[in-house]
Structure formats: structure tokens, C-alpha cells
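Encoded as C-alpha cells, the structure appears first; notes follow it.
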Amino acid sequence: QVQLVESGGGLVQAGGSLRLSCAASGRTFSSLAMAWFRQAPGKEREFVVTIGYIGSTIYADSVKGRFTISRDNAKNTVYLQMNSLKPEDTAVYYCAARMRYYSSSATDYDYWGQGTQVTVSS
């Protein structure tokens with residue numbers, strides 16, 4: 001089992017920045033692929049970014065160049081640095097984990113956090 005706890009969400013003006021954190025426990029973090037997904041009201045959950053256990057990454061086109069994922073295996077934590085935020089980035093952001101290999105499909109992930117709200121005002 002893996003437990004995931006997100007933090008760092010909040011309200012920010014368009015053009016601003018936020019950093020989300022996801023702390024993992026219960027399994028060797030270095031063997032996990034981690035990802036961020038988001039879900040806006042009335043919309044399906046969508047892929048944002050993923051990082052594999054060796055550090056390879058995939059970004060959704062909508063966030064490429066603005067968001068950066070990183071991981072600190074010593075702290076069992078994955079981060080999402082979000083810059084140049086837009087109102088359309090408003091959503092609940094979820095952290096997810098699976099063994100080893102990254103994926104952009106939500107159905108491939110076995111473990112999920114409770115989500116953290118990000119609201120970007122125009």
C-alpha cells in the first residue's frame with residue numbers, strides 16, 4: 001500500500017505560481033512512478049504530468065513549458081512547480097502512484113491522494 005498526501009494548493013492570480021507537494025509513504029518511493037492529474041468542475045480527470053522511477057517525464061501539451069515535475073527520493077516527495085498559471089488551470093489536482101514505469105493514463109495508477117484545490121483568478 002502507498003499513502004499519498006498532497007499540499008500546496010490555493011488561490012492565485014493569473015500569471016502567478018504555486019508549488020504542489022505530494023508526500024508518499026508505505027512503499028519504497030524510489031521504485032514508484034508518480035503523476036499529477038487534475039479535474040475541473042464538470043470535466044473528466046485529465047493527465048498533467050508524470051515522472052518515472054528513473055526520472056523520465058511526460059507533460060501534457062497544455063502545461064508544457066509552464067509546469068515542472070520533480071522528485072526528491074530522500075524526502076519521499078514529488079513536486080509540481082506551476083508557473084504562468086491561467087484560469088483554465090483551475091481544478092482539483094491529484095497525485096497518483098504506480099510501480100516503476102510512468103503512464104499518462106489514469107487507469108494505470110493504483111494509488112491516489114485526496115486532491116488539493118488550485119484556483120486561478122483572472
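The values are calculated or read from the model by the stated rules, or taken from the named source; none is laboratory data. From a predicted model like this one, the values you see are computed outputs, not experimental measurements. Cβ coordinates were reconstructed from backbone atoms using ideal geometry, including for glycine residues, and neighbour counts include every protein chain displayed. Surface areas here come from the heavy atoms of the whole protein model, side chains and all, with no ligands, DNA or RNA. Shrake-Rupley method; radii C 1.70, N 1.55, O 1.52, S 1.80 Å.
Separation between the residue 105 and residue 28 pseudo-spin-labels, each 7 Å from Cα along Cα→Cβ, expressed in nm?
In this crude label model, residue 105 to residue 28 measures out at 2.6 nm.
Tell me, what does the Kirkwood hydrodynamic radius of the chain come to in angstroms if you use every pair of distinct C-alpha atoms? All intermediate terms of the calculation are to be shown ahead of the outcome.
Values: mean 1/r = 0.0712 Å⁻¹.
Taking every pair of different Cα atoms in the chain, averaging 1/r and inverting gives 14.0 Å.
Between Rg and the Kirkwood Rh of segment 31-75, both from Cα atoms, what is the Rg to Rh ratio?
On the way: Rg = 11.8 Å, Rh = 11.5 Å.
Using Cα coordinates only, the ratio equals 1.02.
I'd like to check one number: the per residue accessible area of the chain, probe 1.4 Å, reported in Å² as a whole number. Walk me through the numbers before you get to the answer.
Details: 6030 Å² over 122 residues.
Value for the chain: 49 Å² per residue.
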